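What follows is one structure encoded as C-alpha cells, with my remarks underneath.
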Ligand SMILES: [Zn+2]
C-alpha cells in the first residue's frame, strides 16, 4: 500500500462586484479560493490506462478547433515541466471541453488566454478544462481528466483522482472558474489546470473575459515560485487572499480595460464597485488579516485596490515584473521592499489609514 497525498489549491473567482448590482446578488455570487487537500490510500493497481493516448471527448458537431495533444506529447510536457518551471515556454496550453460546451466558448477562452499570455508571457504547462451545464457530460470529462492525470503522472491512481472533492460535476452545478496549481513533492507532474464553466460567469457574460485573465494571472504568480514545498509556496504567495487575489483581479481588469472595444470608463466603474467592501471592514482590520471564506471577498476587492495603490506609487513594471522576478530568490518581504521602497506593513498601514479614508473621487483618480 502506498500513501499518496494530493494537495491542490482551487482558486475560485469572486464575482461579487462584477456585474452584480445589489448586495443580494453579491452574496449569491461570491466564490472564494479554498485549499483542497485529501489523503488517499492507493492500493496496487492493475495496469490500465497507463500510457493511453489522450483522446478527444466524443462530440457531435465536432468542427471546433480543440487542440488534443498527440501521443507522447504529454510525456514531453512532463519532462519539460521539471526543468522549465518559471521560464517562459513555447508549448501552448491543451484545451479540453465537455461535449455540451458550445464551440464559441472554446474559441473565446483560447482568445483571452492568448491576450493574457501575450501581455504577461507564456507559462505552463497549462491545461484548460471547460465544463458545460450537463452533469453527465461533466462526469465524462472527469474521466478524461483522470486519464490525462494518469498519463502525465503514472504513479497517480485514477480511482483517487475520480474521488476528488471539487470535480467537474461541481462546476456543472455551481459554475465559477478556478485554477489548480499542481506542484508538490509527491507528484512528478507540475503544471496548471484552469477550469472554466458555463455560469458565474457564463461565456455570454462580459465577466467571462476578465475571469480568464484573472485565472491566467494566477498562473503567472505561481510560475514565479519554484519550490515544491507547500509551506514555501504559501509563504511567497501569502496565505490570505489580499495579495494573490488582489493582484490577479486588478491585473485582469486593467488588461481587459485596455482591449479594443472595451468602453472607456470600464476600469473606473469596476473598481468603484469594489470600494463597497470598505463598509464591510471591521474597526482597525487590515485586508491582510482576512482569510479565504465568507469575508474573503473584501480582500479580493480591496486587495485589487491595494495593487492599484502600489502601482500608482511605483509603476506597473515594479509590481508585474520586478517584484515577481526577485520573489523566488529574495522572499516576499525583501522583494516587496526592493520593488516598492517600503515594507508591506508600512504600505498596508498607509493604505488603510490614509488612502481608504479619501473621498471616492480622489481614490478613483489613481487609476490609469
Ligand atoms: Zn483568483
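The values are calculated or read from the model by the stated rules, or taken from the named source; none is laboratory data. Nothing here was measured: the structure is a model prediction, and the numbers come from that model. Backbone-built Cβ (ideal geometry, glycine too); neighbour counts: all protein chains shown.
Results, tabulated for the structure shown:
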| read-out | value |
| --- | --- |
| Residue that is surrounded by the fewest Cβ atoms within 10 Å (Cβ to Cβ) [pool: residues in segment 225-244 that are over 18 Å from residue 121 (Cβ atoms) and within 13 Å of the ligand (Cβ to nearest atom)] | 238 |
| Residue 265 being surrounded by fewer than 18 Cβ atoms within 10 Å (Cβ to Cβ) and free of Cβ contacts under 8 Å to residues at least 40 places away in the same chain | yes |
| Enumeration of residues in segment 119-145 that are on the phi < 0 side of the Ramachandran plot, surrounded by fewer than 18 Cβ atoms within 10 Å (Cβ to Cβ) and assigned to a loop (DSSP other than H, G, I, E, B) | 133, 134 |
| Residue identified as within 16 Å of the ligand (Cβ to nearest atom), under 23 Å from residue 222 (Cβ atoms) and outside the structural domain of residue 119 (by TED's automatic domain parsing) among 331, 247 | 247 |
| One residue from 166, 222 being within 16 Å of the ligand (Cβ to nearest atom) and at pLDDT below 95 | 166 |
| Filter result for residue 331 (assigned to a helix (DSSP H, G or I), under 22 Å from the mean Cα position of the chain (by Cα) and on the phi > 0 side of the Ramachandran plot) | yes |
| Candidate set from segment 251-273 (those that are within 16 Å of residue 112 (Cα to Cα) and in a helix (DSSP H, G or I)); member that is nearest to the ligand (Cβ to nearest atom) | 252 |
| Residues within segment 162-186 that are more than 14 Å from residue 101 (Cα to Cα) and surrounded by 21 or more Cβ atoms within 10 Å (Cβ to Cβ), tallied | 7 |
